[in-house]
Structures are given as C-alpha cells and as structure tokens.
Amino acid sequence: MAVKHSSSDPQQQISVHAQYVKDLSFESPAAPDCFVKTLGQPDVQIGVNVTAKRINETLFEVELILTATAKVKEKILFVTELAYAGLMSATNISDDNIQPLMMTEGPRLLFPFARAIMSDTTRDGGFLPLNLNPIDFIALYRNNVADSEGEHKKESNSPSK
C-alpha cells in the first residue's frame, strides 16, 4: 500500500510492507456478574499512543497502541489493549520530515485495521462491539511535541542539586 504525501511532488510516498498484531489482551474481571445483573451503561475510557522507530536505513516500525476500559461506577467490565504495528518506508522525504510523517500518516494507515480488531475483541468478549471514533493523529502528534517541549523547559528551569 502506498500513499502519496504531497500533491506538489508525486514521488513522495509512504509504503506499508507488513502489518501485524504485536500484543492483544482482553480481560473481563466482572464476569459472570456483568452478564447476569443489569449494571447500567458503562463509561468507556480510550487511550491512544503511537511510536515510530527506525529499523534500518529505509524501514520504520510504527506501533499504534489502543486501550479501552469499560466501567460501571467502580466495577470494571472489561479492559482491552492492542499493540498493532506496521513496517513502513517513505521515499523522497527529507530526514527532518520522516519522523513526523511516520507519527501521523503511519497510524492513520493502521487505524482502520486496529479499530476492527478492537471491535471484534469486545464483541467476542460478550460485549457490544467497541466502535472507536476516527483519531486526528496530526493533533495527537502536535500535543505530544508540545508536552515534550514543556517537560524539557521544566527540567531546564529546575534547580540542580
């Protein structure tokens, strides 16, 4: 799969060479009670994390980590975690732009597959399928960069011992 990154240079593209589940877990600590008693509408908390690491001169491994925890009051109905990854390369992208590209376009390409796995996992666990909303990976990347820069400023401003 190849995606053109820029309309001004049709040679710029990102290619996905492989996709795979690195880790998948599902727990239902409230079972069987949650299937016998009416507990109410669960509150579902979603976590998203993205990493991209260089494997060699041309390949990157982009990993999309999704977590979902469903609770009713303090009772946990289920917890599911998925680490879904892809091996990707980019052509005609400058070194300055390759990491941001992998951290934004990489997870965007992986997300539909990871979303389906999360949905199937919760359904197979006896619950309604979890339908994750699309994620703005550019905004997520910008927030992480801003948070990282804030941490560096905090560390540089703290008195040394």
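Values as computed for the structure displayed
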| quantity | calculated |
| --- | --- |
| GLU61 vs. criteria surrounded by 18 or more Cβ atoms within 10 Å (Cβ to Cβ), charged (D, E, K, R), touching a strand residue (DSSP E or B) at 6+ places or on another chain (Cβ under 9 Å) and modelled with pLDDT under 95 | no |
| Number of positions in the range 46-61 that are closer than 16 Å to ILE135 by Cα and either in contact with a Gly (Cβ under 6 Å, 6 or more places away or on another chain) or not aliphatic (A, V, I, L, M) (or both) | 3 |
| Pairs, first in contact (Cβ under 8 Å) with a residue 40 or more places away in the chain and farther than 27 Å from PRO112 by Cβ in the range 16-42, second surrounded by 11 or more Cβ atoms within 10 Å (Cβ to Cβ) and of a type outside the set (S, T, N, Q), C-beta under 6 Å, six or more apart | PRO29/ILE76; ALA30/LYS75; ALA30/LEU77; CYS34/LEU77 |
| THR91 being among the hydroxyl-bearing types (Ser, Thr, Tyr) and either surrounded by fewer than 17 Cβ atoms within 10 Å (Cβ to Cβ) or free of Cβ contacts under 8 Å to residues at least 12 places away in the same chain (or both) | yes |
| Pairs with Cβ under 6 Å, 6+ apart, first in the range 105-125 and under 15 Å from PHE26 (Cβ atoms), second assigned to a helix (DSSP H, G or I) and not basic (Lys, Arg) | none |
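Matching residues to (1) assigned to a helix (DSSP H, G or I); (2) hydroxyl-bearing (Ser, Thr, Tyr); (3) surrounded by fewer than 20 Cβ atoms within 10 Å (Cβ to Cβ):
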{"position": "MET102", "(1), (2), (3)": "yes, no, no"}
{"position": "ARG115", "(1), (2), (3)": "yes, no, no"}
{"position": "SER119", "(1), (2), (3)": "yes, yes, yes"}
{"position": "ARG123", "(1), (2), (3)": "yes, no, yes"}
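The values are calculated or read from the model by the stated rules, or taken from the named source; none is laboratory data. All values derive from a computational prediction rather than experimental measurement. Ideal geometry is used to build each Cβ from the backbone, glycine not excepted, and the neighbour counts take in all protein chains shown.
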